[in-house]
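Student: Input: one structure, supplied below.
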Amino acid sequence: MKKIAVFASGNGSNLQALIDAIKLGALQAEIVLVVSDRPNAYCLTRASEAGIPTFAFRAKDYENKEHYESVIKNNLEALGVQYLILAGYMRLIGTVLLESYPEKIINIHPSLLPLFPGKDGIGQALEAGVTETGVTIHYVDEGMDTGPIIAQEIIALDENETRTSLEEKVHAVEHRLYPKVLRHIFESEEK
Ligand code: GRF
């Protein structure tokens, strides 16, 4: 059973999908901590409702990234965390966490990387007028959404696609794909 920490900054619907998949037995993992850089984010409410401990911080209360990541690292190590699962965490991971968890930090991004990295992958795809976009799950490196790709799923855009309709499609794919891909990664490590 893998011990994981989920990092999120916002709504946390992907966190919820992981919580639900674990509850259903579709993902053999235990979320031992939810980390958020936004103390009022709804993801923290979801964590508390599921009985998961949380660590919330404000970056501006720390000297720099190394400082707050060292504090996070201490928390993760105390809990025996094996994987860092980013789910809408809006900060770049720095050297402290990258060096402590090599190839153990995974992110989900709402576009077909390398297209449309960074903020608002969905809006960027709409703006560009592409006929298809998608979801990417990848390992995290020091860049912005640049690490090695693990899995992708394509989503076709309809002619009259709106932001709302595309968001719905992307989230539906994310919520199905993230637990499934993590399950494969964790299972293949057990062998
Ligand atoms: C998702 O679209 C994810 O791909 C991106 O941020 C969004 C987070 O949504 N990295 P939520 O907070 O999980 O609802």
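The values are calculated or read from the model by the stated rules, or taken from the named source; none is laboratory data. The structure presented is a predicted model; accordingly, all values stated were derived computationally and were not measured. Heads up, the Cβs are rebuilt from the backbone with ideal geometry, glycines too, and the neighbour counts pull from every protein chain shown.
Student: Identify all residues within the range 97-114 that are loosely packed, with under 14 Cβ neighbours inside 10 Å and touching a Ser or Thr at 6+ places or on another chain (Cβ under 9 Å); write none if there are none. Full working, then the answer.
Tutor: First, the residues of the range 97-114 that are loosely packed, with under 14 Cβ neighbours inside 10 Å: 99, 102-103, 114.
Of everything in the range 97-114, just one residue is loosely packed, with under 14 Cβ neighbours inside 10 Å and touching a Ser or Thr at 6+ places or on another chain (Cβ under 9 Å), namely PRO114.
Student: Quick check on GLY88: is it closer than 21 Å to PHE57 by Cα, touching a residue at least 60 places away in the same chain (Cβ under 8 Å) and in contact with a helix residue (DSSP H, G or I) (Cβ under 8 Å, 6 or more places away or on another chain)? Break it down into steps so the answer makes sense when it comes.
Tutor: Details: closer than 21 Å to PHE57 by Cα: yes; touching a residue at least 60 places away in the same chain (Cβ under 8 Å): yes; in contact with a helix residue (DSSP H, G or I) (Cβ under 8 Å, 6 or more places away or on another chain): yes.
Yes.
The rows are residues; the columns are (1) more than 15 Å from the ligand (Cβ to nearest atom); (2) part of a strand (DSSP E or B).
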position: ASN14; (1), (2): no, no
position: ASP20; (1), (2): no, no
position: LEU27; (1), (2): yes, no
position: GLU30; (1), (2): yes, yes
position: ARG46; (1), (2): no, no
position: LYS60; (1), (2): yes, no
position: HIS67; (1), (2): yes, no
position: ILE72; (1), (2): yes, no
position: GLU77; (1), (2): yes, no
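Student: Return the residue satisfying two criteria in turn: it lies in the range 166-191 and is within 14 Å of PRO110 (Cβ to Cβ) and either among the β-branched types (Val, Ile, Thr) or surrounded by fewer than 17 Cβ atoms within 10 Å (Cβ to Cβ) (or both), and of such residues it is nearest to the ligand (Cβ to nearest atom). Break it down stepwise before answering.
Tutor: Just the residues of the range 166-191 that are within 14 Å of PRO110 (Cβ to Cβ), to begin with: 166-178.
With either among the β-branched types (Val, Ile, Thr) or surrounded by fewer than 17 Cβ atoms within 10 Å (Cβ to Cβ) (or both) added as a condition, the list becomes 167-168, 170, 172-173, 176.
Values: GLU167: 8, GLU168: 11, VAL170: 6, ALA172: 11, VAL173: 10, ARG176: 13 Å.
Filtering the range 166-191 for residues that are within 14 Å of PRO110 (Cβ to Cβ) and either among the β-branched types (Val, Ile, Thr) or surrounded by fewer than 17 Cβ atoms within 10 Å (Cβ to Cβ) (or both), the one nearest to the ligand (Cβ to nearest atom) comes out as VAL170.
Student: When both residues are 6+ apart or on different chains and their Cβ atoms are under 8 Å apart, which pairs have a first residue that lies in the range 134-156 and is under 11 Å from SER111 (Cβ atoms), and a second that is within 13 Å of the ligand (Cβ to nearest atom) and of a type in the set (Lys, Arg)?
Tutor: Taking only residues 6 or more apart or on different chains, the pairs are ILE155/LYS169.
Student: Could you tell me whether the range 87-96 includes any residue that is loosely packed, with under 15 Cβ neighbours inside 10 Å, within 16 Å of the ligand (Cβ to nearest atom) and closer than 19 Å to GLU30 by Cα?
Tutor: No, the conditions are met nowhere in the range 87-96.
Student: Still on this structure, please answer the following. Select from the range 1-12 the residues that are surrounded by 19 or more Cβ atoms within 10 Å (Cβ to Cβ) and either of a type in the set (D, E, K, R) or more than 13 Å from the ligand (Cβ to nearest atom) (or both) and list them in ascending order.
Tutor: Taking the range 1-12 and keeping what is surrounded by 19 or more Cβ atoms within 10 Å (Cβ to Cβ), we get 2, 4-8, 12.
Scanning the range 1-12 gives LYS2, ILE4, ALA5.
Student: With the range 97-156 as the region, which strands (runs of 3 or more DSSP E) entirely inside it contain at least 3 residues that are closer than 26 Å to GLU77 by Cα and within 16 Å of the ligand (Cβ to nearest atom)? Before you say what the answer is, go through the steps one by one.
Tutor: Working: elements: 105-109, 132-139, 149-156.
By residue number, 105-109, 132-139.
Student: A follow-up question, please. Among the listed residues GLY94, GLY88, GLY10, identify the single one that is within 20 Å of VAL140 (Cβ to Cβ) and in contact with a Ser or Thr (Cβ under 6 Å, 6 or more places away or on another chain).
Tutor: Result of the check over GLY94, GLY88, GLY10: GLY88.
Student: Now a separate question. Looking at LYS180, LYS169, LYS119 in this structure, which one is among the basic types (Lys, Arg) and closer than 15 Å to GLY88 by Cβ?
Tutor: On the way: LYS180 fails: closer than 15 Å to GLY88 by Cβ; LYS169 fails: closer than 15 Å to GLY88 by Cβ.
Being among the basic types (Lys, Arg) and closer than 15 Å to GLY88 by Cβ holds for just one of LYS180, LYS169, LYS119, which is LYS119.
Student: Suppose we filter PRO117, PRO53 for residues that are at pLDDT 95 or above and either surrounded by 16 or more Cβ atoms within 10 Å (Cβ to Cβ) or farther than 14 Å from ALA5 by Cβ (or both); which single one remains? If you could, list the steps in order and put the result at the bottom.
Tutor: Details: PRO53 fails: either surrounded by 16 or more Cβ atoms within 10 Å (Cβ to Cβ) or farther than 14 Å from ALA5 by Cβ (or both).
On inspection, the qualifying residue turns out to be PRO117.
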